[in-house]
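> Here it is, the structure, as structure tokens.
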Amino acid sequence: MVSLLQIDHLTKRFGDLVLYENISFGVAQGQKTGLIARNGAGKTTLLNIISGKESADEGDVVFRNDLRVGYLEQSPAYPEGLTVLQACFYSQSELVLLIADYEAALLSNDTKALETLIPRMEQEKAWDYERKAKQILTQLKIKDFDRKVETLSGGQLKRVALANVLIPEPELVLLDEPTNHLDLETIEWLEGYLKRSNISLLMITHDRYFLDEVCNEIIEIDNKQLYSCKGNYSYFLDKRAERMEAAQAAIDHANNLLRKELDWMRRQPQARATKAKYRINAFYELEKKAGQRQEEGNVNLNVKASYIGSKIFEAGHVCKSFGNVRILNDFNYVFSRYEKLGIVGDNGVGKSTFIKLLMGEIPPDSGGFTIGETVRFGYYSQDGLPFDEKMKVIDVVQDIAEYITLGNGKSLSVSQFLNYFLFTPEKQHHFVHKLSGGEKRRLYLCTILMSNPNFLVLDEPTNDLDIVTLNVLEDYLANFKGCVIVISHDRYFMDKVVDHLFVFHGHADIRDFPGNYTQYRLWKTQQERSGGKQGNPSSGGAPGQPAATGGKPAYRPPFGKKKLSYKEQKELEALEEEIPTLEDKKSAIEEALNSGTLSIEELNRQSARIGELMEEIDEKTMRWLELSE
């Protein structure tokens, strides 16, 4: 395989802090590599070093000659005054600039400019290139070409930046959190585009489904070192567990040897100078190894929520519009005790506005929300908390409360609570301005939970959080004895946390689906295949819940209650045989992937096949459920 990028013996320090030391890896043609690490481990710094925005202390970054490289930064920015169209084609490539001029002339109907540009487009054979560019713009829902970039929302700007990276057709793309601020539909399109294309990738993302579907290699930065695994994210997790077990076994072995060596070192202190020097040096090396800890950050978040009564909140005839854009229209809903609701929909359809209406940050045009007396909100805003950058981490949380009560009647001090949240005693006394973006998000989460709420309202809580913290938060929410409303583009997170969904379609059309996001996508796919005839929304609302909007019915699962026809009975019997067979095939492939004996080509082929099998199993299982109901 042709090497596109090679990193050799790279070391990066910030003062006394060593991010990584002497790490080496490469990206070959066709390779799609996911980079994961805890917040603050230097993931974004590594991409900045590779792109030339920052320098390394030691080591080399080598690209193949004449390699076309694209870099999507985590927080993209463009010069003020640029239009959306200009930003999409913001490039040094003469061909891209030619197409940008052609599109601008076309948009403004400048016939004189078109007379000059069309022959140049012919000469440069740019039509196919221009068609692909338009396909990307269409799929990313970029339409308002004259709008200035400084007026765009975070999600809109991310889509423009993606177009800017993909349109020049780079051979290698560096992506820093590409799914942040994107709606779920755009994420799924990007996932499919990257899987199908020949682009090579080096990508930072916390989206585990995205990693699993797109990547064929995972590299992890852990304890200043780099670990590599060929295969998708699921395969990496298996191999990582094996590595952690082996590392712990080595530490246990070192501890046993250390006890013997310690006894030897103490026996004859007066003869220390005559002892074998190599053995004394070996003792200190052994002591260093035995002192290592395999800390996975398993945070015990069994925090006791304050009491919440049976009345939570009621929405009565709520209406809200911004000019001609309707967000809510005669919206009615009664929220239940311990309900866990997910909110999904495209960017700009009113998800965050709904949250802000509930929290009283913006007023409705008419109608309103009645909040129960015992409700105590914990609101995690997408905009984050404006910390005093000169404060210490521990002081920020201590301003909220001195301790937090656990479910077993015990309590935790602020320092203990922060330690559970992966803030070491040393880091607790760092100033906020020293924290990475993800660490600031984690600190913000601490301040929310420290207030002991019984109703969590979380607007995009997964942005910038590392996978370890996400696992912790998911477990916490699963056991949380209170209510939850969450907006998130993280499909894995939504699947683990919510009981049902509000699906925002825009124009005040909100539907209630009784299930998680994967179940909703399966249902939606079946609807599209059947032309919307199967499982049409009923007027009765979701099971056990009223319809989400006045006059708008809720989704119902496509499960019928009628007697099966002879054909359907035969289909059910066939499915009962096919599903176990597919499961056996899936297990066999998993066993082969875990064997470590497959070639890279076979590993890629089998990784793709297992994804197809899982999709087929899900589809047939959903159909079996329909028929068996």
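The values are calculated or read from the model by the stated rules, or taken from the named source; none is laboratory data. Every value quoted in this text rests on a predicted model; they were computed, and no experiment measured them. Because the Cβ atoms are built from the backbone with ideal geometry, glycine has one as well, and the counts that use them run over all protein chains shown. For the accessible areas, the whole protein counts, side chains as well, though only heavy atoms, and no ligand, DNA or RNA atoms are used. Shrake-Rupley method; radii C 1.70, N 1.55, O 1.52, S 1.80 Å.
> Based on what the data block shows, is S587 modelled with pLDDT of 70 or more, under 30 Å from the mean Cα position of the chain (by Cα), open to solvent by 40 Å² or more (accessible area, probe 1.4 Å) and more than 18 Å from N216 (Cα to Cα)? Working first, answer last.
Values: modelled with pLDDT of 70 or more: yes; under 30 Å from the mean Cα position of the chain (by Cα): yes; open to solvent by 40 Å² or more (accessible area, probe 1.4 Å): yes; more than 18 Å from N216 (Cα to Cα): yes.
Criteria met by S587.
> Then there's this: Condition first: among the β-branched types (V, I, T) and under 26 Å from R442 (Cα atoms). Now tell me which residues in region 44-57 satisfy that. It would help to see each step written out before you state the result.
Our first condition is that a residue be among the β-branched types (V, I, T); within region 44-57, this holds for 44-45, 49-50.
Correct list: T44, T45, I49.
Let's see how each residue does on (1) open to solvent by 10 Å² or more (accessible area, probe 1.4 Å); (2) at pLDDT below 90; (3) part of a helix (DSSP H, G or I):
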| site | (1), (2), (3) |
| --- | --- |
| L412 | yes, yes, no |
| F417 | no, yes, yes |
| N452 | yes, yes, no |
| L456 | no, no, no |
| V484 | no, no, no |
| V503 | no, no, no |
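> In region 30-72, which strands (runs of 3 or more DSSP E) lie fully inside it and hold 2 or more residues that are in contact with a His (Cβ under 8 Å, 6 or more places away or on another chain)? Talk me through it step by step, then tell me what you get.
Values: elements: 32-36, 58-63, 69-72.
Fully inside region 30-72 and qualifying: 58-63.
> Taking into account only those residues within region 344-378 that are among the β-branched types (V, I, T) and part of a strand (DSSP E or B), which is least open to solvent (accessible area, probe 1.4 Å)?
Filtering region 344-378 for residues among the β-branched types (V, I, T) gives 344, 349, 353, 355, 362, 370-371, 374-375.
Applying the additional criterion that residues be part of a strand (DSSP E or B) yields 344, 370-371.
Numbers: V344: 6, T370: 67, I371: 62 Å².
Among them, the one singled out is V344.
> Give K390, K434 a once-over and let me know the one that is more than 29 Å from D207 (Cβ to Cβ), of a type in the set (D, E, K, R) and surrounded by fewer than 17 Cβ atoms within 10 Å (Cβ to Cβ). Full working, then the answer.
Numbers: K434 fails: more than 29 Å from D207 (Cβ to Cβ).
Sole residue among the options that is more than 29 Å from D207 (Cβ to Cβ), of a type in the set (D, E, K, R) and surrounded by fewer than 17 Cβ atoms within 10 Å (Cβ to Cβ): K390.
> Separate question: Select from region 1-43 the residues that are basic (K, R) and open to solvent by 70 Å² or more (accessible area, probe 1.4 Å) and write down the one among them that is farthest from R441 (Cα to Cα). Before the answer, list the steps.
First, pick out the residues of region 1-43 that are basic (K, R): 12-13, 32, 38, 43.
Applying the additional criterion that residues be open to solvent by 70 Å² or more (accessible area, probe 1.4 Å) yields 13, 38.
Working: R13: 23, R38: 13 Å.
Of everything passing the filter in region 1-43, R13 is farthest from R441 (Cα to Cα).
> Could you check T549 against (1) at pLDDT below 75; (2) open to solvent by 60 Å² or more (accessible area, probe 1.4 Å); (3) β-branched (V, I, T) and say which number it fails?
Evaluating T549 over (1) at pLDDT below 75; (2) open to solvent by 60 Å² or more (accessible area, probe 1.4 Å); (3) β-branched (V, I, T) leaves (2) as the failure.
> Just to confirm my filter: which helices (runs of 4 or more DSSP H) fall fully inside region 139-216 and include at least 1 residues that are within 25 Å of A126 (Cα to Cα) and without any contact (Cβ under 8 Å) to a residue 24 or more places away in the chain?
On the way: elements: 154-166, 184-196, 208-214.
Here the list reads 184-196.
> Another one. Would you please name the residue that is surrounded by the most Cβ atoms within 10 Å (Cβ to Cβ), looking only at residues in region 121-133 that are closer than 15 Å to D101 by Cβ and in contact with an Asp or Glu (Cβ under 9 Å, 6 or more places away or on another chain)?
Restricting attention to region 121-133, the residues satisfying the condition of being closer than 15 Å to D101 by Cβ are 121-124, 126-127, 129-130, 133.
This time we only want the ones that are in contact with an Asp or Glu (Cβ under 9 Å, 6 or more places away or on another chain), so: 121, 124, 129-130, 133.
Numbers: M121: 18, E124: 13, Y129: 19, E130: 19, A133: 22.
In this case the residue turns out to be A133.
> Being closer than 27 Å to E601 by Cα, open to solvent by 30 Å² or more (accessible area, probe 1.4 Å), modelled with pLDDT under 85 and part of a helix (DSSP H, G or I) narrows it down to one of A249, A241, so name that one. I'd like the intermediate steps shown before the answer.
On the way: A249 fails: closer than 27 Å to E601 by Cα.
Residue meeting the stated conditions: A241.
> Out of curiosity, is I400 open to solvent by 50 Å² or more (accessible area, probe 1.4 Å) and more than 25 Å from T179 (Cβ to Cβ)?
Details: open to solvent by 50 Å² or more (accessible area, probe 1.4 Å): yes; more than 25 Å from T179 (Cβ to Cβ): yes.
For I400, the condition - open to solvent by 50 Å² or more (accessible area, probe 1.4 Å) and more than 25 Å from T179 (Cβ to Cβ) - is met.
> Kindly check whether there is at least one residue in region 40-56 that is over 26 Å from the mean Cα position of the chain (by Cα) and of a type in the set (A, V, I, L, M). Spell out the reasoning first.
Our first condition is that a residue be over 26 Å from the mean Cα position of the chain (by Cα); within region 40-56, this holds for 55-56.
Still in the running and of a type in the set (A, V, I, L, M): 56.
For region 40-56, residues over 26 Å from the mean Cα position of the chain (by Cα) and of a type in the set (A, V, I, L, M): present.
> Answer yes or no as to whether A254 is small (G, A, S) and at pLDDT below 70. Reasoning before the result, please.
Values: small (G, A, S): yes; at pLDDT below 70: yes.
Yes.
> Quickly run through region 140-175 and pick out the residues that are closer than 30 Å to F63 by Cα and of a type outside the set (A, V, I, L, M, F, W, C). Step through it out loud before you land on a result.
Going through region 140-175, the residues closer than 30 Å to F63 by Cα turn out to be 140, 157-175.
Within region 140-175, K158, R159, N164, P168, E169, P170, E171 qualify.
> Before we move on, is Q428 polar (S, T, N, Q) and open to solvent by 50 Å² or more (accessible area, probe 1.4 Å)?
no
> Quick one: count up the residues across region 140-165 that are open to solvent by 20 Å² or more (accessible area, probe 1.4 Å), modelled with pLDDT under 90 and under 20 Å from L106 (Cβ atoms).
6
> Another one. Considering only region 169-192, I want to know if a residue exists there that is open to solvent by less than 10 Å² (accessible area, probe 1.4 Å) and of a type in the set (G, A, S).
No: region 169-192 contains no residue that is open to solvent by less than 10 Å² (accessible area, probe 1.4 Å) and of a type in the set (G, A, S).
For (1) open to solvent by less than 70 Å² (accessible area, probe 1.4 Å); (2) at pLDDT below 90; (3) over 27 Å from L117 (Cβ atoms); (4) of a type in the set (D, E, K, R), each residue gets a yes or a no:
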| residue | (1), (2), (3), (4) |
| --- | --- |
| V61 | yes, no, yes, no |
| R64 | no, no, yes, yes |
| G70 | yes, no, no, no |
| P76 | yes, no, yes, no |
| L85 | yes, yes, no, no |
| L95 | yes, yes, no, no |
| A100 | yes, yes, no, no |
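> Still on this structure, please answer the following. Please give the number of the condition D330 fails out of (1) of a type in the set (D, E); (2) modelled with pLDDT of 85 or more; (3) in a loop (DSSP other than H, G, I, E, B).
It fails just one condition, (3).
> Related question: What are the pairs with Cβ atoms under 8 angstrom where one residue, in region 221-237, is at positive phi and the other, located anywhere, is aromatic (F, W, Y) and in a strand (DSSP E or B)? Sequence gap at least six, or different chains.
K224/Y20
> How many residues does region 39-51 contain that are touching a strand residue (DSSP E or B) at 6+ places or on another chain (Cβ under 8 Å) and not hydrophobic (A, V, I, L, M, F, W, C)?
So the first thing to find is which residues in region 39-51 are touching a strand residue (DSSP E or B) at 6+ places or on another chain (Cβ under 8 Å), and the list is 41-47, 49-51.
Pick out the ones that are also not hydrophobic (A, V, I, L, M, F, W, C) and you get 42-45, 51.
The number of residues fulfilling the criteria is 5.
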